[in-house]
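The values are calculated or read from the model by the stated rules, or taken from the named source; none is laboratory data. Not measured: the values here are computed from a predicted model. Cβ placement follows ideal geometry from the backbone for every residue including glycine, while neighbour counts extend to all protein chains displayed. Note: areas computed on protein heavy atoms with side chains; ligands, DNA, RNA excluded. Shrake-Rupley method; radii C 1.70, N 1.55, O 1.52, S 1.80 Å.
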Amino acid sequence: MSNFLSRLVSPTAFLYLYIVFTQIAHGFYSARDIEPPPAFTLIFSAGLLWIVGWWVLRDSRKRSVPWVYDIGFFLVVAWPVIMPYYLLKTRGAKGLLLILAFVGTYLAAFAVGMAFVLLFVHSPG
């Protein structure tokens, strides 16, 4: 049970849950053709950077990968480039599968949000 609990509170689980919930919301807003509230946009951006930073910190410690001097700046400016590089560098070909899983989750959750609106909320005519 302890192993299950430690996996449940891992940054990876939080990252995927965060992506699922926020992308469903983005899909909902997009399908309704409305702008998300500014607070949602701020929380999405800040939360994503925080969780990605937490994940990189925990993963790099586990794999004994040294950090650059200002990882926070790099995460803010270039996390979409740094994360795939880090995954490919530390995991090889398996890192590509992790990248594809992340992108697939991101897109699938967005599609679920849009589908929900189109199937259940959107009224014809």
When you check Tyr106 against the structure, is it within 19 Å of the chain's Cα centre (by Cα) and open to solvent by 60 Å² or more (accessible area, probe 1.4 Å), yes or no? yes
Can you go through Tyr18, Tyr29 and tell me which one is in a helix (DSSP H, G or I), within 11 Å of the chain's Cα centre (by Cα) and surrounded by 13 or more Cβ atoms within 10 Å (Cβ to Cβ)? Tyr18
Would you point out which residue out of Pro36, Pro66 is outside any helix (DSSP H, G or I) and surrounded by 14 or more Cβ atoms within 10 Å (Cβ to Cβ)? Pro36
